[in-house]
1. Identify the single condition in (1) farther than 28 Å from residue 299 by Cβ; (2) under 24 Å from the mean Cα position of the chain (by Cα) that residue 423 does not satisfy, given that it satisfies every other one.
2. Just wondering, is there one or more residues in the range 345-354 that are under 28 Å from residue 419 (Cα atoms), in the same structural domain as residue 438 (by TED's automatic domain parsing) and surrounded by 17 or more Cβ atoms within 10 Å (Cβ to Cβ)?
3. Among the residues of the range 35-48, which ones are in contact with a strand residue (DSSP E or B) (Cβ under 8 Å, 6 or more places away or on another chain), surrounded by fewer than 19 Cβ atoms within 10 Å (Cβ to Cβ) and not in a strand (DSSP E or B)?
4. Output yes when any residue across the range 1-24 is without any contact (Cβ under 8 Å) to a residue 12 or more places away in the chain and not in a loop (DSSP other than H, G, I, E, B), and no when none is.
5. Among the residues of the range 412-455, write down those that are surrounded by fewer than 17 Cβ atoms within 10 Å (Cβ to Cβ), in a helix (DSSP H, G or I) and touching a strand residue (DSSP E or B) at 6+ places or on another chain (Cβ under 9 Å).
6. Filter the range 58-88 down to residues that are assigned to a helix (DSSP H, G or I) and surrounded by fewer than 22 Cβ atoms within 10 Å (Cβ to Cβ) and give me whichever is nearest to the chain's Cα centre (by Cα).
7. Just checking, does the range 212-222 include any residue being in contact with a strand residue (DSSP E or B) (Cβ under 9 Å, 6 or more places away or on another chain), in the same structural domain as residue 130 (by TED's automatic domain parsing) and not in a helix (DSSP H, G or I)?
C-alpha cells in the first residue's frame, strides 16, 4: 500500500459495538448520524452481546460482504455531532492514510489524548497534542472513532479464511488492547495509520470530556511546563543548527537515536576523548538532551529545584540550562560547570547577561574543584543525569571533590540514569560504586535523589 495515491473514503459502512448499557448521549449521536449524517450508498451495522474484538471482526466481515469501501467504527461511549462523519470523510489531509483516527481523550480522568508514536528507540509514546489542525502518521489507532479502508482489511487477510481470520485480537502474554493488536499487524501489512485533531470525538464518562477539558488538564497536570520547555528548546536548537522548527521537533522526538551512531563511530576511550566528543557540535547529543528535558520526570525534578531554600549553588552538567533557570530566582550566586565546546557555549549563551551566573572555564570538573579556596562553600550541588556520563577514571575523583566543596549540612541533588546502555551507550552503570561511596563518605540519603553532608 506504500505509495498509494490519496483518495477519498468512498462509500462508508458505519458500525458500532453496543455495550450492555448505552448512554443517552450516544443514542442521540448514533440516531443523528443515521438520519442526517449518511450519503447515498452508505450503510450501517451494529453488534450486540459480544466482546470488543469479536464485535470488531464481525463488522469487518460485514464490510467485506458489502459494496462499501470503508468501515467507520464508532464506539458506543462516543459523542459526536450529526455532521461528524461528513467532516471526517471530507478532510483531505487524512486521505493519504489507510486508517485514520479522529482525536479523542482517554475515558475518565485524566483526559489524556490518545495519540501514540514510536520514537527513535522504538518505544511507544502517548504524545501531547496541542495544535487543533494536526494530522500525522501514528504507531497505533484506537477504534473510538476511526475510518479504515476495506483494502487494508483485504491486504491483512491475504488468502486466509475470512470467517476464521481475526483482524482485531488480544495478543497473548501482552498488556495490549485489540486496537493495538490490529494496528501493529496492519502496519506489518504496509498500512499507513494516521490521526487528526482537526476532527474530534467526545468520550462519554462521568465527566463531559472533550478538547476543552483536555486543555484544562494540560494546565492542572503541569504539562504546560513541558510545553514551555519544549518551545524554548526548539527555538534555541533551531538558531544553533539553522534548521526549521519542524525538523528540530522530529529530531528531538527520536532522542538518543541522534547520538548513538555518532558515539559508536567516534568510540571514545579515554576521558579526554569522551570530553572532546561531548564538546563536538555535530554529536547529536543536544537533541537527546532536549527530549529528556521535556519529560514529566525532568519537569518534576525542576519543580524540586525551584523549592530549594536560598543558598549558594553549584550546577554540574546543566546541558541546555533549564536547571539554572530553576534555581536562579532564589540564589545570589550560581556556579556552573559544563564541558567546553557546544554544551558550554549553548548554556553560557543563555545566561551571558546574568552577572549572578558564573561559568567555570576549566576543561574538567577536577580542574575546576581542586582548589583550596572553594572547600565547604556550596549549600547545594545539582547534578541531574550527569554522574553516569563520568568516565571510570574520574568517577570517584569527581564525587570526592563534590563532597569536599559541599558545606556540612549541604545537599547533593543527583538524578541518575544508570541503565539502558543499549539506548544510551554513553552511560556507565556506576550504581554499585555510587552506593559504596555514599556508605564510606559523609553523605546521608535524604530522598531517592538527594544526599546530605554530615554536619
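The values are calculated or read from the model by the stated rules, or taken from the named source; none is laboratory data. What you see is a predicted model; the values in this text were computed from it and never measured. Here the Cβ is made from the backbone with ideal geometry for all residues, glycine too, and neighbour counts use every protein chain on show.
1. Failing condition for residue 423: (1).
2. yes
3. 38, 39
4. Yes, the range 1-24 contains at least one residue that is without any contact (Cβ under 8 Å) to a residue 12 or more places away in the chain and not in a loop (DSSP other than H, G, I, E, B).
5. 438, the sole residue that qualifies.
6. Keep residues of the range 58-88 that are assigned to a helix (DSSP H, G or I), which gives 58-65, 84-88.
Going one step further and asking which of them are surrounded by fewer than 22 Cβ atoms within 10 Å (Cβ to Cβ), we end up with 58, 61-62, 64-65, 86-87.
Working: 58: 35, 61: 36, 62: 37, 64: 37, 65: 40, 86: 32, 87: 29 Å.
If we take residues in the range 58-88 being assigned to a helix (DSSP H, G or I) and surrounded by fewer than 22 Cβ atoms within 10 Å (Cβ to Cβ), then 87 is nearest to the chain's Cα centre (by Cα).
7. no
Residues are listed down the side, and each one gets a yes or a no for (1) exposed (fewer than 13 other Cβ atoms within 10 Å of the Cβ); (2) touching a residue at least 24 places away in the same chain (Cβ under 8 Å); (3) outside any loop (DSSP other than H, G, I, E, B); (4) assigned by TED's automatic domain parsing to the domain that holds residue 298:
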{"position": "228", "(1), (2), (3), (4)": "no, no, yes, no"}
{"position": "243", "(1), (2), (3), (4)": "no, no, no, no"}
{"position": "246", "(1), (2), (3), (4)": "yes, no, yes, no"}
{"position": "260", "(1), (2), (3), (4)": "no, yes, yes, no"}
